[in-house]
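For reference, the structure is listed below as structure tokens.
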Amino acid sequence: MTDQTKDVPFSFGIDVSNATLEHYDNHIKRHLSEMAGQYQDQEVYDALLTQEDVLLYEVYETQRPEVAGELLNGLSVVHPGKIGDEYFMTKGHFHAVLETAEVYYCLKGEGVMVMETPEGDWVVEEMRPGRVLCVPPRWAHRSVNTSANEDLVFFFVYPGHSGHDYGAIEKTGFRKLVVERDGKPVIIDNPRWHASRG
Ligand code: PA5
Ligand code: NI
């Protein structure tokens, strides 16, 4: 086992088939109840929640000091499923320090990353095994699992001082939603989004 209290190099494996890290310090689980207001179909959301607080996604983190110079990293696992016709997805966030980037490496599954800037530019990029996704500074990001039955698994790396800003996205969501139409993912406008988030 690596002693991370010392600043010495260390390594660990990724168990792709079981979608976990060989070593991690923190395991975050996000459930349906933490996504209030994020899904378009409020009725379906409420009905599902009364039945079960479904586990939507999990994050395994290797702890590092949250300072510039460090690189925080870990593994995210977004489970398959839908709320109405909208796929399971992460909350999504801007980095608190807006001018910080992030790199994702997709290991398993199929999905997309929905991204946008504070100015309202948007991009939806495909995520599939073996592909690297670069999120430049200023772009909020949310991953969406578009598979019917497989986990979406990816490794991420971002600067130690980035922080997470969930506030703007919690208010209005992303500019675009990813929904299933005739068995396929399509991008639609989010009726709740508006340019002024104030
Ligand atoms: O740093 C990231 O962008 C990822 O590690 C995400 O935090 C992770 O996928 C979970 O998403 P969120 O933080 O939006 O709940
Ligand atoms: Ni991020």
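Observations on the structure shown:
- Strands (runs of 3 or more DSSP E) contained entirely in the range 34-129, each with at least 3 residues that are open to solvent by 60 Å² or more (accessible area, probe 1.4 Å): 122-127
- Pick from the range 144-170, criterion more than 17 Å from the chain's Cα centre (by Cα) and open to solvent by 10 Å² or more (accessible area, probe 1.4 Å), ranking: nearest to ligand 2 (Cβ to nearest atom): His161
- Applying the condition of being of a type in the set (S, T, N, Q) and more than 16 Å from ligand 2 (Cβ to nearest atom) to the range 34-62 and asking which residue is nearest to Tyr104 (Cα to Cα) yields Gln38.
- Within the range 89-121, tally of residues that are more than 14 Å from ligand 2 (Cβ to nearest atom), more than 22 Å from Val153 (Cβ to Cβ) and in contact (Cβ under 8 Å) with a residue 24 or more places away in the chain: 2
- Those residues of the range 161-189 which are modelled with pLDDT of 95 or more and of a type in the set (S, T, N, Q), in sequence order: Ser162
- Checking each residue in the range 130-143 for being at positive phi and either touching a Phe, Trp or Tyr at 6+ places or on another chain (Cβ under 8 Å) or open to solvent by 70 Å² or more (accessible area, probe 1.4 Å) (or both) picks out only Arg138.
- Scanning the range 171-185 for residues that are exposed (fewer than 12 other Cβ atoms within 10 Å of the Cβ) and either in contact with a His (Cβ under 9 Å, 6 or more places away or on another chain) or not in a loop (DSSP other than H, G, I, E, B) (or both) returns Arg181, Lys184.
- Test: residue in the range 8-24 that is open to solvent by less than 40 Å² (accessible area, probe 1.4 Å) and touching a residue at least 60 places away in the same chain (Cβ under 8 Å): yes
The values are calculated or read from the model by the stated rules, or taken from the named source; none is laboratory data. Source: prediction; values computed, not measured. All Cβ positions, even for glycine, are placed from backbone atoms using ideal geometry, and neighbour counts span all protein chains on display. Please note that ligands, DNA and RNA were not included when accessible areas were found on the heavy atoms of the full protein model with its side chains. Shrake-Rupley method; radii C 1.70, N 1.55, O 1.52, S 1.80 Å.
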